[in-house]
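Q: Take a look at the following structure, please.
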Amino acid sequence: MKLTHSLSAVGLALALLSPLSGKSLLPADPIALDSLRTFKSPSKNWVLASDIGGDPRRSKALTAIPGTGVLVNVAPNKSGEHLTSTWEHGDIELSFEFLMPQESNSGIYLMGRYELQLLDSWGVEEPGVHDCGAIYERWITEKKEGYEGTAPLVNATRAPGLWQTMRILFQAPRFDKKGKKIANARFLEVEHNGFLIHKDVEVTGPTRGAEWPKEAATGPIQIQGNHGPIAFRNITKRPFDLTTEVTLQDVQSKVSRRKNAAVTKDDEEAPTEDLPSATAANIDPGALGESTHFTVTYTGKINIPNSGTYAFDAVSRGTINLSVNDQPVLIPINPGVRFVPIELKAGLHPFKLEYTHGRWNKPQLDLFVEGPRVARQILDTASAKMEAREMAQALTAAMADEEKPVAKSKKEKRTEIIVAPPADGIRLQRGFTPFDPRKRLYSISVGSSTGVHYAYDFDTATILRTWNGPFLDLFEFWDGRAHNQLTKHIGPDLTFHDRPTIALLESGQHDWPVETDAMWSAEGYTLDAKGNPTFLSRLADIEISDRIVAATSPRRLDRHLTLQGDHTSWMTGILLAEAPTITLEANGNSYIIGDRSYYLDVPASNKAKPFIRRINGRDQLVLFPSKSGKDVKLSYTLVW
């Protein structure tokens, strides 16, 4: 028991220094796939390819197209051998894309000991410890039973034959000078298809099937090769040491604030006052006692541990300017910040940070930094990080002693408002939908009890994205008196284009418009008995109904479009999909959209048949109905 508590205390302290959710800004080290030289004695079941052919959506095999850049295990189940890297790692961020055919099974062993399961789990509603993305169970040989293991928070698996992404932040076990383990291995973060499925999961020892049952400070990557075909590409690694910190010191803060804010409504005319400089224990604009219309300037020194390229980042409700050595490293844009990489030598460097807060929301600022062998981490003073560590260790020590009660923590600030559909129905939520390059103001999110949801744009009659999971986080919608009104989706998503679904084109050679036609009008929606909406709109004299139904087993969106009325002299077009490439499958009714991003199925019973056209370097799947005056009906299904 003492060992367990000791491991927990050290592990929790290290977790405070762990990378936080967010895309790394600096490029990782790619694993070359122009040959198999980075792997030890690869067996014949591992080959290189330029792409995947055949029909992995319906087949249990993978066809490797000759070339390089893609690593493929072509061995069927119950055959083949594992593949082991020539290099070893400790703390690491490992990222890769993978593709699996129907019913295949594989896995990635971190350090050759701790497996993250890779499996065709598409269609599984409640994933377990054997499903894709699970941290695999440990095993008691004598009893022939498993224990521990952690299921993913949600099933983020895509359909067979589609490329998927995985990002793993892993913390190696720690050993003292005598070789005694003092902290267990941890999966700090695992993102499957862009969604966080694990957060700080401790693994007490090697999982079932590990090549090396004895733990060590470093070990190789091993890929399971005896349970079925799998393909990999874009494998990258980012080695680091989680105990390496970047800290701030000698920090001073100076506040300039609006004086007598009620005197004038013109921000530029409002008088301001400067408060005296003060020593700052940490970087926290919310702790200054100011609420609106102020600027705080922090100055001091930043302690850089390793020489090399560094990148800074910020999550904030204000405007940020950050410079190091008088060079800008964070520049404000709308929204957010733009980072500028900087070369820094190990040692102390002066910094200046300006945070300007306006009228809405509570002040908030989180700074991040990453660099050579330095994981992405919160940037703050050494004392602030030490205080957090001591608090965590004290809490863990109290938990270890059953006779000492654990002190109640202060009430945490609310940072999320989760809403879900009813148990057997549909939930509609109006709001602004975040979308690149601009948020969609006239949109709605539709949540289904099936667990499959989507966002729809009234302006363009376009399905902006779909996702599976809980549904929405409305914290940003309501925070600051609903100033932002942003509906943040929760779950692994698939994002589509935002061009109008239905448009008028002068000819078939013209590109699809990016804006809604002046003769377009959205006219609301109706609901069926289960609450599924049918969206209504009009384009000139054409009345449009757009019925969308979310379903699972398999996961999909079924769409039914009907156009009624007189067409104009221009061509009426329906845009089903747009991507760099669109490929018609052998059955003549299904399409692979993009680089195996998703499938689009058109029923054979459809009288109207879409076709692929190439225009301005992109493929578009379109339908141009005839001007016969007859109703046009088109049904299709999105599968991912």
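The values are calculated or read from the model by the stated rules, or taken from the named source; none is laboratory data. What you see is a predicted model, and the numbers here were worked out from it, not measured in a lab. Please note: Cβ atoms are built from the backbone with ideal geometry, for glycine as well, and neighbour counts cover all protein chains shown. For accessibility, only protein heavy atoms count, side chains too; no ligands or nucleic acids. Shrake-Rupley method; radii C 1.70, N 1.55, O 1.52, S 1.80 Å.
Q: For His560, what charge total do you get from the other residues with a beta carbon under 9 Å from its beta carbon, if Lys and Arg give +1 and Asp and Glu give -1?
A: +1
Q: Still on this structure: Taking a cut-off of 16 Å between Cα atoms, list the aspartates and glutamates near Lys362, but don't count ones fewer than 8 places away on the same chain.
A: Asp284, Glu290, Glu412, Glu416, Glu476, Asp479
Q: Related question: List, in order, the whole-Hz ³J(HN,Hα) value for each residue of region 527-537 obtained from phi through the Karplus relation with A = 6.51, B = -1.76, C = 1.60 and θ = phi - 60°; use x for Gly and Pro.
A: Rounded to whole hertz, the list is 10, 7, 4, 8, x, 5, x, 10, 7, 10, 7.
Q: Next question. Which Rg and Dmax, in Å, describe the Cα atoms of region 458-595?
A: 17.2, 54
Q: Would any residue of region 272-286 have its amide N under 20 Å from a label point 7 Å out along Cα→Cβ of Asn303? List them or say none.
A: In region 272-286, the label zone of Asn303 (backbone N under 20 Å from the point 7 Å along Cα→Cβ) covers 279-284.
Q: Taking Kirkwood radius over Cα pairs in Å as the quantity of interest, determine which of [x] 29.4; [y] 27.7; [z] 25.8 was computed from the displayed structure.
A: [y]
Q: Moving on. For the cross-link pairs Lys439/Lys633; Lys177/Lys214; Lys60/Lys609; Lys177/Lys199, which exceed 19 Å when the distance is taken from alpha carbon to alpha carbon?
A: Over 19 Å Cα-Cα: Lys439/Lys633; Lys60/Lys609; Lys177/Lys199.
Q: At Gln509 and Asp29, where each label point lies 7 Å from the Cα along Cα→Cβ, what is the point-to-point distance in nanometres?
A: About 5.4 nm, to one decimal.
Q: To the nearest 0.05, how large is the calculated FRET efficiency for Lys180 and Lys630 if R₀ is 45 Å and r is the Cβ-Cβ distance?
A: 0.05
Q: Determine the order of Phe475, Phe339 by accessible area, beginning with the largest, at a probe radius of 1.4 Å.
A: The most accessible residue leads, giving Phe339, Phe475.
Q: First select every other residue whose beta carbon is under 9 angstrom from the beta carbon of Asn77; then total the charges, Lys and Arg +1, Asp and Glu -1.
A: For residues surrounding Asn77, the net value is +1.
Q: Tell me, what % of the accessible area of the chain is carbon and sulfur with a 1.4 angstrom probe?
A: C and S atoms contribute 51 percent here.
Q: Sorting check: for 210-218, 137-145, which peptide has the highest mean count of neighbouring beta carbons within 10 Å, and how do the rest follow?
A: Result, highest mean Cβ count within 10 Å first: 210-218, 137-145.
Q: In the chain, with Lys and Arg counted as +1 and Asp and Glu as -1 at Cβ, which of these residues, Ala461, Thr495, Phe195, has the Cα nearest the positive end of the dipole, that is, farthest along it?
A: The residue sitting most towards the positive pole is Phe195.
Q: Give the aspartates and glutamates whose C-alpha is closer than 12 Å to that of Lys607, dropping any in the same chain fewer than 8 places away, or say none.
A: Asp631
Q: Alpha carbons only, please: Rg and Dmax for region 90-244, in angstrom.
A: When restricted to Cα atoms, region 90-244 yields Rg and Dmax of 15.0, 48 Å.
Q: Quick check: net charge around Glu523, other residues with Cβ under 15 Å of its Cβ, Lys/Arg +1 and Asp/Glu -1?
A: -4
Q: Round to a whole angstrom and tell me the spacing of the C-alpha centers of region 453-469 and region 41-89.
A: Rounded to whole Å, the Cα centres lie 36 Å apart.
Q: Okay, moving on. What ³J(HN,Hα) values, in whole Hz, does the Karplus curve 6.51 cos²θ - 1.76 cosθ + 1.60 give for region 340-350 when θ = phi - 60°, with x put for Gly and Pro?
A: Whole-Hz 3J(HN,Hα) from phi for region 340-350: 10, x, 9, 8, 10, 8, 4, x, 8, 9, x.
Q: On to the next question. Take the eigenvalues of the Cα gyration tensor for region 430-520, scale each by 5, and report the square roots as semi-axes in whole Å, largest first.
A: Calculated on Cα positions only, the semi-axes equal 27, 16, 10 Å.
Q: Modelling each spin label as a point 7 Å along the Cα-to-Cβ direction, I'd like the Asp250/Leu441 distance in nm, to one decimal.
A: If labels sit at Asp250 and Leu441, their model points lie 4.9 nm apart.
Q: Work the Kirkwood hydrodynamic radius out for region 15-106: mean of 1/r over every pair of different alpha-carbon atoms, inverted, in Å.
A: Radius from the Kirkwood sum: 15.5 Å.
Q: Under a point-charge model restricted to the Cβ atoms of Lys and Arg (+1) and Asp and Glu (-1), what is the dipole moment magnitude of the chain relative to its Cα centre, in debye to the nearest 20?
A: It comes to approximately 840 debye.
Q: OK, next. Only helical DSSP H runs with n ≥ 4 go in: add -39500 (n - 2.57) per run for the chain, normalise by residue count and round the 222 nm mean residue ellipticity to 500 deg cm²/dmol.
A: -2000 deg cm²/dmol
Q: Can you give the accessible area per residue of the chain, in Å², using a 1.4 Å probe?
A: In whole numbers, the chain has 47 Å² accessible per residue.
Q: May I ask you to derive the relative contact order of region 475-529, considering only C-alpha pairs under 8 Å and at least 6 residues apart, and to give it as an integer percent?
A: Reported as a whole number, the value is 20 percent.
Q: Take the Cα of Ser605, step 7 Å along the line toward its Cβ, and report every residue of region 620-637 whose backbone nitrogen sits under 17 Å from that point.
A: 632-637
Q: Residue by residue, what Karplus-based ³J(HN,Hα) values in Hz, rounded to whole numbers, does region 302-318 have, using 6.51, -1.76 and 1.60 with θ = phi - 60° and x for Gly and Pro?
A: Once θ is set to phi - 60°, the couplings for region 302-318 become 10, 9, 9, x, 10, 6, x, 8, 10, 9, 10, 8, 8, 10, 8, 10, x Hz.
Q: Please list 567-577, 613-623 highest first by mean number of surrounding beta-carbon atoms within 10 Å per residue.
A: Sorting 567-577, 613-623 by mean packing, highest first, produces 567-577, 613-623.
Q: In whole Å, what is the distance between the alpha-carbon centres of region 318-377 and region 479-524?
A: Centre-to-centre (Cα) distance: 33 Å.
Q: Based on the alpha carbon coordinates of region 32-158, what radius of gyration and maximum Cα-Cα distance (Dmax) apply, in Å?
A: Answer for region 32-158, Rg first and Dmax second: 15.7, 46 Å.
Q: Using the alpha-carbon centroid of each, what span in Å lies between region 132-194 and region 552-602?
A: 38 Å
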